[in-house]
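Single-structure report; data block below.
The values are calculated or read from the model by the stated rules, or taken from the named source; none is laboratory data. Computed from a prediction, not measured in an experiment: that's the story for all the values here. Cβ placement follows ideal geometry from the backbone for every residue including glycine, while neighbour counts extend to all protein chains displayed.
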Amino acid sequence: MWIRISQRLQRAFCLPGLLLCLAPVSARTPVQQPAEARQTAPSVPRKSPAPVTALAFAPDGKTLAVGVFREVQFWDTETWQKKGVWKGHSDAVRSLVFSRDGKWLAAGGGLPGVSGDVRLWDTAGRREARLLGGHTDSVNAVAFSPDGSMLASASADRTVRLWDVASGKVVRTLSEHADAVWGVAFNADGKHLVTAGADRSIKAWEVATGKRLYSVEAHTEPVHDVEFGPDGRQLITAGADRQAKMWNFSATGCNHVRTLGGHGQVVYAVAVSPDGSLLATASGDRSVRLWRTGNGELLATFTGARDWLYSVGFSPDGKQVAAGTYDGMVLIWSTGDRKQVAALTTGR
């Protein structure tokens, strides 16, 4: 039932030593958390819903994982009921990503300014299987390689670590960013990695050697997110300059194609639909914008959020887009008729 969950924390039955809970709950959107969010995110438990700093759909589309303060919540995408919670995280869950085969869910987080870690959830066993630690500041973004053998973690400590998933050991550390690293993404064949940071740059790396291939000053303000399209050539970045940008990626360079403007605040997160035809941007202006990737046409502006939006993701079939807000809501819209499908309150 928990087989897969993809693309910015509590339960009733707990397993000793793992701090996990899995009781279904009845009734009733970065992934990563940018600097502004880190400064205002709660550092102690609070009664009101905590910011939704990460979310990801399972590859089979049956579950939506939502990261908040100290937990990951699992929601059934047919009934939109909460069906489980993964507890034990030390602070906000800042990034969530599923391996392509759905075997693993990786959650990035940690204590800001103290330590950063990635926790791996075994989806079949419904348990926390591994803790990958060692960062000296919070982990803001995580990404699996296409074959699932490697995991990349991007941290506010200015480094990116590449992990061997099977052994849980660090393969290499990338450390040429001059400030916090907010985004990380593998290209389609897994041979290259692109990272995005508060130093306004995106950097391309050769995965096999850890060699930095080049660096591009992508935005005039910190770059909060970076995502590849499914073909591995299209690259999208999101910036604090209120823009998203489209690029043509290669191992020798990254060429700017177009700028997607119009947001009234920081663009915190971007997502590309599984077929590569659509692009979504989530912003502090309380809106999600839906774009056509081929020509950059604005197709729709989704409103209804009462607070800043920190995370965004497409369902595996591309028919829905979900976004998480600072006030603890997850809003889901249809990409077909552009209507709101559901509104989830994570604090319940």
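Here are some notes:
- Residues of segment 204-230 classified as under 17 Å from the mean Cα position of the chain (by Cα) and either part of a loop (DSSP other than H, G, I, E, B) or over 16 Å from Gly253 (Cβ atoms) (or both), total: 7
- Condition check for Ser250 on (1) under 18 Å from Arg200 (Cα atoms); (2) surrounded by fewer than 21 Cβ atoms within 10 Å (Cβ to Cβ); (3) of a type in the set (S, T, N, Q); (4) out of contact with any Ser or Thr (no Cβ under 9 Å at 6 or more places or on another chain): one failure, at (1).
- Any hit, segment 194-203, residues being on the phi > 0 side of the Ramachandran plot, more than 17 Å from the chain's Cα centre (by Cα), surrounded by fewer than 20 Cβ atoms within 10 Å (Cβ to Cβ) and modelled with pLDDT of 95 or more: yes
- Some residue of segment 236-246 being touching a strand residue (DSSP E or B) at 6+ places or on another chain (Cβ under 9 Å), surrounded by fewer than 18 Cβ atoms within 10 Å (Cβ to Cβ) and either acidic (Asp, Glu) or at pLDDT 95 or above (or both): no
- Taken residue by residue, segment 124-144 has at least one member that is buried (at least 24 other Cβ atoms within 10 Å of the Cβ), hydroxyl-bearing (Ser, Thr, Tyr) and closer than 24 Å to Ser48 by Cα.
- Among the residues of segment 93-112, those that are surrounded by fewer than 24 Cβ atoms within 10 Å (Cβ to Cβ) and either within 15 Å of the chain's Cα centre (by Cα) or at pLDDT below 95 (or both) comprise Ser99, Arg100, Trp104.
- Flag for Asp60 being acidic (Asp, Glu) and farther than 18 Å from Ala156 by Cα: yes
- Filter pass, Pro45 being surrounded by fewer than 23 Cβ atoms within 10 Å (Cβ to Cβ) and modelled with pLDDT under 95: yes
- Close pairs (7 angstrom Cβ cut-off, 6 or more residues apart or separate chains): among the β-branched types (Val, Ile, Thr) and assigned to a loop (DSSP other than H, G, I, E, B) in segment 113-125, surrounded by 22 or more Cβ atoms within 10 Å (Cβ to Cβ) and modelled with pLDDT of 95 or more anywhere: Thr123/Trp104; Thr123/Leu105
- Within this structure, Gly190 passes the test of being buried (at least 17 other Cβ atoms within 10 Å of the Cβ), on the phi > 0 side of the Ramachandran plot and not β-branched (Val, Ile, Thr).
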